[in-house]
Each structure stands twice: as C-alpha cells, then as structure tokens.
Amino acid sequence: MRRWTIWQRAGVALTLAGWSLAVWAAITPESVISNTADEVVATLKKDKAIQKGDRARAYALIQDKVIPHFDFTRMTRLAMGKNWRQASPDQQQKLTEGFRDLLVRTYASSLSQYRNQELKVKGSDLDDGGNEATVHSIVIPSDGPSIPIDYRMERLGEDWKVFDIQVDGVSLVTNYRNEFSDIVRNHGIDGLIQAMADKSKQAENKASGKK
C-alpha cells in the first residue's frame, strides 16, 4: 500500500480543487469544489504528459485552474501570523508572490501522482454571516484509506475563494506558520523571502532530478 505524506495529500487536494474560469449557474462553495474537481480530474485522465511529469503542462494547468481563484494574500497573511504586520507593503507583496510560487512548485508534482483518486463533497458549514464556509470532502485514493479534506473559503463578490486547506484536521497555513515564525525570528523578513525562493528552487530541482 502506498503511503502518502500529509502534504502530498494536500497537493492532490489542491489539484482536485482546481478552479474553472466558467461561470456556474448556481455558485455555492460546494458546487465550486465538486464541479471543478470533476473537470480537473477529466483533464488529468486524458493528459498523459502531465501524468509523466511534464512540469510546463502542470504549471499551465495550475495557472489556469488554481491561481486566479485562491486568495494567496490571505493565505500568506495567515501563514505569517503576527509577523505579517512587521513587513512593509513591498515585503508583503514579495512574501505573497514567494508563497504562491512555493505552493505551485511544491504541488505541481502531485499532478503526476494522480492515479484515479476521487474527491467527494460531504457538505459544508457557513459562518461569518454567510461570508465564509468550510467545505467538507474526502479524497478516495486508488489504494489505501480515504483522506478527509476541508476547504476554508471566503465570499468575494460573487466568487468563492480558498484561503486554507485542512488535511486530516491539519491546516496548511498553520503548518507553514510555525516554520515561517522560526525563520523570521532568526533571519528577519528578508530572510524568509530568500528562504521561500530557495525552497521553490529546491522543489524544482528535485522534480527535475537535479541536485
């Protein structure tokens, strides 16, 4: 049985939650996750190049389906915690871009790991006066037990965007917050910006087979 790390699982979850640019007839948090998961899975099934590890095609898919519909600014702010207020506006922009690039490069490899996983939405909870929601789902692998995935989402106009993903109850942004806090404490905000760039490069080199 294949063992998946929690962030490999999150990568699949992020992939399955790729967003369509189409406008759905009735936009709800649940329908966005469910409908677009079906669309992304259909793309993965027919795109053999991505399955074989074509990074360019993986990035293109993420760019098209994921990036425009995730609130990376809020994700970065949550991952930074109190340290976000220490950063200048220019540093905040660099942090957001660096975090987005790190996530994209880290999770692009999950596209090539797709092996007929299914995502099933199990319901949702609304809070903050209906402006935020938690969509509950499970990822059913082709081998091994199902994996619970919760998507934290916010309403922005007529759209819903993800600002956190919880895998087996563990928050993606909280996981990074602990790491980022240590780096800022030892190396400052600019040190974290550089660390993100280094991690992105390492992820790319690993995927490309470079040292």
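Scanning the range 50-105 for residues that are more than 25 Å from Arg155 (Cα to Cα) and aromatic (Phe, Trp, Tyr) yields a total of 1.
Working only within the range 176-203, note down all residues that are surrounded by 16 or more Cβ atoms within 10 Å (Cβ to Cβ), modelled with pLDDT under 95 and among the polar types (S, T, N, Q). Scanning the range 176-203 gives a single hit, Ser200.
Annotation: Gln166 fulfils all but one of (1) polar (S, T, N, Q); (2) open to solvent by 60 Å² or more (accessible area, probe 1.4 Å); (3) closer than 20 Å to Leu78 by Cα; the unmet one is (2). Can you find a residue in the range 140-150 that is closer than 18 Å to Arg74 by Cβ, touching a residue at least 60 places away in the same chain (Cβ under 8 Å) and either open to solvent by 70 Å² or more (accessible area, probe 1.4 Å) or out of contact with any Pro (no Cβ under 7 Å at 6 or more places or on another chain) (or both)? No, the range 140-150 has no match at all.
Residues checked against (1) part of a strand (DSSP E or B); (2) within 15 Å of the chain's Cα centre (by Cα); (3) over 25 Å from Ile67 (Cβ atoms):
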| position | (1), (2), (3) |
| --- | --- |
| Lys122 | yes, no, yes |
| Asp125 | yes, no, yes |
| Ser142 | no, no, yes |
| Asp164 | yes, yes, no |
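The values are calculated or read from the model by the stated rules, or taken from the named source; none is laboratory data. What you are looking at is a predicted structure, and each value in this text was computed from that prediction instead of being measured. Because the Cβ atoms are built from the backbone with ideal geometry, glycine has one as well, and the counts that use them run over all protein chains shown. Ligands, DNA and RNA are stripped out before the accessible areas are found, and what is left, the full protein with its side chains, is counted by its heavy atoms. Shrake-Rupley method; radii C 1.70, N 1.55, O 1.52, S 1.80 Å.
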